[in-house]
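The values are calculated or read from the model by the stated rules, or taken from the named source; none is laboratory data. What you see is a predicted model, and the numbers here were worked out from it, not measured in a lab. Because the Cβ atoms are built from the backbone with ideal geometry, glycine has one as well, and the counts that use them run over all protein chains shown. Protein only, heavy atoms only, side chains kept; ligands, DNA and RNA dropped before computing areas. Shrake-Rupley method; radii C 1.70, N 1.55, O 1.52, S 1.80 Å.
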Amino acid sequence: MLFQKSLVSIEDVSTEDIEEILKISDSMVKLLEAHKNPHSMDSYVMATLFFEPSTRTRLSFESAMHRLGGSVLSVSDVSSSSVAKGETLADTIRMAEAYSDIIVIRHPLEGAARLATQFTAKPIINAGDGSGQHPTQTLLDLFTIWKEFHSLDGLNVSLVGDLKYGRTVHSLIMALSRYDVNINLVSPPSLRIPDHFLARIPKSKKVRITESLDDVIDSSDVLYVTRIQKERFADKNEYLGLIGSYSIDEVIAGKMKKSAIIMHPLPRVDEIKPEVDFTGNARYFRQASYGVPVRMALISLMMGVS
Amino acid sequence: MAERTLLVSKINNGTVIDHIPPGKSFKVLSILSIDSRISYTVTIAVHVLSKKGGYKDIIKIEDRFLQRDELDRISMVAPGATISIIKDYEIVEKFTVKIPDEIVGIVNCPNQNCISNSREPIKSRFVVKSQKPILIQCFYCQRPLTDLEIITNI
Ligand SMILES: Nc1ncnc2c1ncn2[C@@H]1O[C@H](COP(=O)(O)OP(=O)(O)OP(=O)(O)O)[C@@H](O)[C@H]1O
Ligand SMILES: [Mg+2]
Ligand SMILES: [Zn+2]
């Protein structure tokens, strides 16, 4: 039951709740396709507190709430208002609680959303905390896979790129390990998944770690590509060398199963060549478009309105 | 079998911390703020042979009895240490320190990007994931900490 609960980490969500979110997201997709906006949230107000810029995530939360008929209070740049005046996050949350029914927060410090839950009884949604959690991204990732394969079981999922710093992959791996999936982790040694994180994956899971995309390309059902950030490398040439061997082009996409899909949390830089956009495997734009229906489903469940 | 010699004379009232892992007594002293300003007697034995095999440190503190949070701190740097409370030269209570399920306000999160290190009205908070070997995890940022990291961040 998500009713009146907060969503800070994907690990807070039970598998049954994930199931329910997927189903309701699906009906939201259908409503949106039919241009039928439900007005179920008429009397609800959502506050979005973004202490760090993120156009994509904020717009999709706000669009979701508007489509549900609710209203949005948005502080476009909290950091220049309250923080500049020296207000603590705890006090900002207490203020937002007084004006809204649900609070969405994005913050540069890890654990900020968890802290927020301690200063309000209203539900909090974590829209990203530093390099910590970003659970709604994980939900829309799961939805994209589920929508494609009608199940999350029996799949070969390969995660490619920055598996060390990428928060989206960490949450996704934790969520996927609840299902019957084979997980392949493909990265250069310097961006390998951290050991302490690997230790959190259940022992029963089949996890394969490799440096080579070739090892997994033809057997994967899902190729989840992440951004390798230039800033992580002191040496520009090292970055350029790496990006070559991990970027997806038409030739690589051609080795994939016909039914396989390529995902990416976006924005992409060099990891996926524009030519791939036109292949039958590309799903990253559709994945991004699911941001709204999945967040509509989540907000509805948290507010207990169907 | 009675000990043939006691390193120091018996104390009348106070606390004995025994079975401290060798070398860890310094950290225990610092946790208890035992320095040159104290007004009571403290005897420290470092690297002594233990009857249970191996080596250990012992600290005997006269006229001081420890608080809950002091015992919690000790449990993290010296797991397995035994505490004997002495009254009138006799042991009136003896127990092994126990790592609590949650560690609040004791360990600082080493993640500088963690909200618990910013100016918020909260105490640091860790959930104990494993007692032996000790592994704790920040309630806020989920950063895991092992024994060595705990000791340097206490
Ligand atoms: N009156 C006292 N003054 C100072 N130290 C004492 C006194 N009574 C006991 N101790 C010390 O307290 C600790 C525990 O005493 P105890 O008699 O239980 O030791 P033990 O039989 O060696 O037990 P253990 O199994 O804990 O080693 C020992 O280190 C002992 O030297
Ligand atoms: Mg003994
Ligand atoms: Zn932390």
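Based on every Cα atom in chain B, Rg and the maximum pairwise Cα distance Dmax equal 17.0, 56 Å. The angle between the Cα long axis of helix B:68-77 and the main principal axis of chain B comes to about 80°, on a 0 to 90 degree scale. Seen from A:V207, the other residues with C-beta closer than 15 Å to its C-beta sum to a net charge of +3, counting Lys and Arg as +1 and Asp and Glu as -1. Phi angles of region B:103-109 translate, via the Karplus equation with coefficients 6.51, -1.76, 1.60 and θ = phi - 60°, into HN-Hα couplings of 10, 10, x, 10, 9, 8, 5 Hz per residue; Gly and Pro are given as x. The residues of region B:99-115 listed by number as losing at least 30 Å² of accessible area in the complex, against the isolated chain and with a 1.4 Å probe, are B:N113, B:I115.
Here's how it looks for B:L135: its modeled amide H is under 5 Å from those of B:K129, B:S130, which are all 5 or more places away or on a different chain.
Annotation for the B:A interface, with buried accessible surface near 1400 Å², both sides summed [1.4 Å probe; non-protein components not counted]. In square angstrom, rounded to the nearest 10, how much accessible surface does B:E120 have for a 1.4 Å probe? About 30 Å², ignoring ligands and nucleic acids.
With both labels modelled 7 Å from their Cα along Cα-to-Cβ, the B:V48 to A:T210 distance reads 6.0 nm.
Derived scalar couplings between HN and Hα for region A:291-306 equal x, 6, x, 5, 6, 4, 4, 4, 4, 4, 5, 5, 8, x, 10, 10 Hz in order, rounded to whole Hz, by the Karplus curve 6.51 cos²θ - 1.76 cosθ + 1.60 (θ = phi - 60°), x for Gly and Pro. Contact residues in region B:124-140 by the 10 Å² criterion (accessible area, 1.4 Å probe, full protein complex versus chain alone): B:R125, B:Q137, B:F139, B:Y140. Measuring r between the beta carbons of A:S27 and B:K87 and using R0 = 56 Å, the FRET efficiency lands at 0.20.
Under 8 Å for C-alpha pairs, at least 6 residues apart: give me the relative contact order for region A:130-213, rounded to a whole percent. RCO, region A:130-213: 31 percent. Spin-label model, A:S219/A:F278: points 7 Å from Cα along the beta carbon direction are separated by 3.3 nm. Size of region A:135-288: Rg and Dmax of its alpha carbons, in Å, are 14.4, 43. Taken along the Cα-to-beta-carbon direction at a fixed 7 Å, the label points for B:T146 and A:F3 span 4.5 nm. Under the criterion of Cα pairs below 8 Å and six or more residues apart, the relative contact order for chain B equals 21 percent. Among the residues of A:102-113, the average count of other protein chain beta-carbon atoms within 10 Å of the residue beta-carbon is 4. Once the Cα atoms are used to define both axes, helix A:55-67 deviates from the longest principal axis of chain A by about 50 degrees. Summary value for chain A: 21 percent relative contact order, contacts being C-alpha pairs under 8 angstrom separated by 6+ residues.
Could you please state how large a percent of the accessible area of chain A is carbon and sulfur, counting protein chains only and using a 1.4 Å probe? Exposed carbon and sulfur together represent 52 percent of the surface. Mean partner shielding of peptide A:115-122, defined as the number of other chain Cβ atoms within 10 Å of each residue Cβ, is 3.
Here's how it looks for A:V75: its modeled amide H is under 5 Å from those of A:T48, A:F50, which are all 5 or more places away or on a different chain. The residues of chain A have, on average, 42 Å² of accessible surface per residue, using a 1.4 Å probe with all protein chains present.
Backbone geometry of region B:119-126 corresponds, through the Karplus equation with coefficients 6.51, -1.76 and 1.60 at θ = phi - 60°, to 3J(HN,Hα) couplings of 7, 10, x, 9, 9, 4, 8, 10 Hz, x marking Gly and Pro. Kirkwood-type hydrodynamic radius, region B:102-152: 10.9 Å, calculated from all non-identical alpha-carbon pairs. Here region A:167-249 is described by how far its Cα atoms reach on the three principal axes: 39, 29, 17 Å, from widest to narrowest.
Taken as Cα centroids, region A:209-226 and region A:241-306 sit 14 Å apart, rounded to the nearest whole angstrom. In plain terms, the chain from A:R192 to A:K258 could stretch by 20.9 nm, reckoned as 0.36 nm per residue minus the Cα-Cα distance. Can you give me the accessible area per residue for region B:14-96, using a 1.4 Å probe, in Å²? Result: 54 Å² of accessible area for each residue. With kT/(6 pi eta Rh) evaluated at 4 °C and eta = 1.567 mPa s, and Rh the Kirkwood radius from Cα pairs, region B:14-96 diffuses with a coefficient of 101 µm²/s according to Stokes-Einstein.
Working value for the protein assembly as shown: equivalent-ellipsoid semi-axes of 50, 28, 19 Å, each the square root of 5 times a Cα gyration tensor eigenvalue, largest first. Accessible surface for region B:102-152, divided over its residues, is 51 Å² per residue with a 1.4 Å probe.
Using only side-chain charges placed at the Cβ, +1 for Lys and Arg and -1 for Asp and Glu, the dipole size of region B:14-96 relative to its Cα centre rounds to 300 debye. For helix A:236-246, report the angle its Cα long axis makes with the longest principal axis of the Cα atoms of chain A; keep it between 0 and 90° and round to the nearest 10°. Helix A:236-246 and the main axis of chain A meet at about 80 degrees. Just A:Q133, A:Q118, A:Q287 to compare: in a GNM of chain A, with alpha carbon springs under 10 Å, which one fluctuates most? So, out of A:Q133, A:Q118, A:Q287, the one fluctuating most is A:Q118.
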